[in-house]
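Following: one structure in structure tokens, then a few remarks.
The values are calculated or read from the model by the stated rules, or taken from the named source; none is laboratory data. Remember, predicted model here, so these are calculated numbers, not experimental data. Cβ sites come from the backbone with ideal geometry, for glycine too, and all protein chains shown count toward neighbours. Side chains included, ligands, DNA and RNA excluded: accessible areas come from the protein's heavy atoms. Shrake-Rupley method; radii C 1.70, N 1.55, O 1.52, S 1.80 Å.
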Amino acid sequence: MACCARLRPCHGFQSMGAFGTTTTSIRIPRAYNIGGPTTIAAGSRLPIPPRSFVRSSESSSPRIRSYSFRAASSPDSDGDDEDDDDGRARVLFLGTPDVAATSLESIHEASRLPGCPYRLVGVVTQPPKRRKRGGKETPSPVGIVAERLGLRVLCPERARDTNFLDEVERAMRPDLCITAAYGQYLPKRFLSLPKFGTLNVHPSLLPRWRGSSPVQRSLEAGDEVVGVSVLFTVSRMDAGPIIVQETTAVDGNEQATTLLPRLFDIGTRRLIDALPGVIGGEITFDTAIVQDESLVREAGMIDSSEGQLWPANMTAIQCHNRVRGFSMWPGTFVYVRVGDDDDDDDESSSTSREPVKVKVIESRVLDETAEPTNVIEIGPRKGDGLRLVCADGSVLELLRVQPATRNVMDAKSFDTLRGEYGTKGGG
């Protein structure tokens, strides 16, 4: 095999943003730091009649966006065809991202089954946002699903807003609330409204990993067993008594991108199983299991700067687990210099030796060690990725990467481009 140009990881560029531009570290103000494109499960078990979109005139606060969906065949409908008391518990769902939208659909399907003791009367989600600069505002994934299901939607800027709380108390009148990655703190007044309390689906084995990024932090820590908890919500974040938990093993290469939806699917099933007991009075705040405060571990919000890998100070498993945990946001990256050592004395190669930001999409830890070095090279065998020797001699293999201004590619493709970097930079 022909000798390839070598790359060196560069350190001290933490203040540099995407592809070398200067930026400031940001924090994501949304639950679990979840991102990605909106996806909606296809199909519905029961047909839903066409609706005309109606903006509610009942809300007087500009901070609340209230929507209802009126059946076209019922022009005199008030937007909630099931407002009449039918003896079933009234459930209000709160959530925002894709994983919560899937939970909403599952709960809605269960509520339509014969003999179900509850029904959905509305949804609360984060306000619509512009996904692209200058683009139109787009509802959250939960908002889109709620529209399709014909559910009334409230989108408060702040859950503590008095007008929003008045609307929930007067119009929604929930007997039970369910939260799944909603993304806002719920005030005591809200928590006091439903007589059966508020239940939360949290993707960790509480009290381990309380906070906004439980899956990301558990993978970063290398947890081999993870799980999901269904608990009552209290004023302190994720500190309420637990109704049910389920554990699951996690593969050493599984990323947050696949683990988070898997845990929410498990948690939603456990929630649906528990709802009849909660509504029937068999499961209460007093019968739930109190968390052991001595076992608490916080899952703090992720900072964008944490995405940078520091091979000179980290082990291969630490780098690999960060790649797994931060796969959804903020991603992981390393700065490298392109070229061989001989290029250092060549003035014409000064541009090519500028640091290049390379995103790390997928990696693995090799069962071997080597002398620590700051050189990144392609492996000796066909199909090998880029090998990076870390501080303790452990070896991290980069399988898929994304260089600046390029698409995601495997290591072999990146190896071809490394020559281009040197040629273009020196030309």
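Might you check whether a residue that is in a loop (DSSP other than H, G, I, E, B) and of a type in the set (Phe, Trp, Tyr) occurs anywhere in the stretch 184-204?
yes
Of the residues Arg210, Arg158, which is farther than 17 Å from Arg297 by Cβ and among the charged types (D, E, K, R)? Can you show your working first?
Numbers: Arg210 fails: farther than 17 Å from Arg297 by Cβ.
The unique qualifying residue is Arg158.
How about the stretch 256-269: which of its residues are in contact (Cβ under 8 Å) with a residue 60 or more places away in the chain and either surrounded by fewer than 20 Cβ atoms within 10 Å (Cβ to Cβ) or under 21 Å from Leu92 (Cα atoms) (or both)?
Thr257, Pro261, Phe264, Asp265, Gly267, Thr268, Arg269
Considering only the stretch 291-314, state which residues are of a type in the set (Asp, Glu) and either under 14 Å from Val360 (Cα atoms) or within 21 Å of the chain's Cα centre (by Cα) (or both).
Glu298, Asp303, Glu306
Does Ser229 satisfy the criteria of being touching a residue at least 60 places away in the same chain (Cβ under 8 Å), under 30 Å from Val365 (Cβ atoms) and open to solvent by less than 70 Å² (accessible area, probe 1.4 Å)?
no
Could you look through the stretch 270-283, keep only residues that are surrounded by fewer than 15 Cβ atoms within 10 Å (Cβ to Cβ) and in contact (Cβ under 8 Å) with a residue 24 or more places away in the chain, and pick out the one that is farthest from Asp223 (Cα to Cα)?
Applying the filter and picking the extreme gives Gly280.
Please verify whether the stretch 85-98 includes one or more residues that are acidic (Asp, Glu), modelled with pLDDT of 95 or more, open to solvent by less than 50 Å² (accessible area, probe 1.4 Å) and under 21 Å from Val278 (Cβ atoms).
For the stretch 85-98, residues acidic (Asp, Glu), modelled with pLDDT of 95 or more, open to solvent by less than 50 Å² (accessible area, probe 1.4 Å) and under 21 Å from Val278 (Cβ atoms): absent.
Scan the stretch 336-350 and tell me whether some residue there is at positive phi, open to solvent by less than 20 Å² (accessible area, probe 1.4 Å) and either at pLDDT 80 or above or of a type outside the set (Ser, Thr, Tyr) (or both).
So far as the stretch 336-350 goes, yes, one or more of its residues are at positive phi, open to solvent by less than 20 Å² (accessible area, probe 1.4 Å) and either at pLDDT 80 or above or of a type outside the set (Ser, Thr, Tyr) (or both).
Looking only at the stretch 373-387, which residues are over 18 Å from Val408 (Cβ atoms) and not in a loop (DSSP other than H, G, I, E, B)?
Glu377, Arg387
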